Amino acid sequence: MSGGSSLSFSSLETPIGWIYVVSDGVFVTEIAFERPPYPEGQAGGAVARQLKEYFDGERFVFDIGINYGRFSMFYSVVYKALREIPYGVTCSYKELAERAGSPSAARAVGQAMSHNPIPIILPCHRVIASDGSLGGYSGGVAIKEKLLALEKQYVNARKDTEIWTRNH
């Protein structure tokens, strides 16, 4: 169930292309990589700001409320565990299944990732196959690669800054 009565979206130009933040007036309901079929409005102002900070390397954790009640119990548990994967870190579908309390549900976790309506904020791009391959991504594997590279770039920059600060 959504919190408001109608959906609208706002668009944001990012290093991975245009993304669209869809809101019901209370919660973000979707992050889309293609223009959604809703009226354009001022959806998700705080979300758009936090996404911009993320892409600028200034935000590593999103402070966005998620309406987990709209998901099945399993998806809710998986998405909550997903949200705990730190910026710049990857884990396998199997590891995420274990973190979500369902160690034998790696395939079901993959399904949950493929149905994630709020990518980036629910960082399914950080979930990869056990063999180290990227797996799929709703926005395409090229976008997943770019998001992981972006996070790696800023994690490395932060480590360099921390090392420099300690040594000077």
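The values are calculated or read from the model by the stated rules, or taken from the named source; none is laboratory data. It should be emphasised that the depicted structure is a prediction, and the values quoted were computed from it without experimental measurement. Virtual Cβ from ideal backbone geometry, glycine too; neighbours counted across all protein chains shown. In case anyone asks, the SASA skips ligands and DNA or RNA and just uses the protein heavy atoms, side chains included. Shrake-Rupley method; radii C 1.70, N 1.55, O 1.52, S 1.80 Å.
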Inset, instruction - Would you list the helices (runs of 4 or more DSSP H) that sit entirely within region 61-168 and hold 3 or more residues that are open to solvent by less than 40 Å² (accessible area, probe 1.4 Å)? - result: 73-83, 106-114, 141-167
Inset, instruction - Considering each residue of region 94-122, count those that are closer than 26 Å to Lys52 by Cα and without any contact (Cβ under 8 Å) to a residue 60 or more places away in the chain, and give that number. - result: 6
Inset, instruction - May I ask you to verify whether Tyr87 is touching a Gly at 6+ places or on another chain (Cβ under 6 Å), in contact (Cβ under 8 Å) with a residue 40 or more places away in the chain and closer than 24 Å to Ala142 by Cβ? - result: no
Legend entry - Failed item in (1) under 17 Å from the mean Cα position of the chain (by Cα); (2) open to solvent by less than 40 Å² (accessible area, probe 1.4 Å), with Gly41 passing the rest: (1)
Inset, instruction - Would you be able to tell me the number of residues in region 14-49 that are in contact (Cβ under 8 Å) with a residue 24 or more places away in the chain and either polar (S, T, N, Q) or farther than 21 Å from Glu151 by Cβ (or both)? - result: 16
Legend entry - Total residues in region 50-60, condition of a type in the set (A, V, I, L, M, F, W, C) and open to solvent by less than 30 Å² (accessible area, probe 1.4 Å): 2
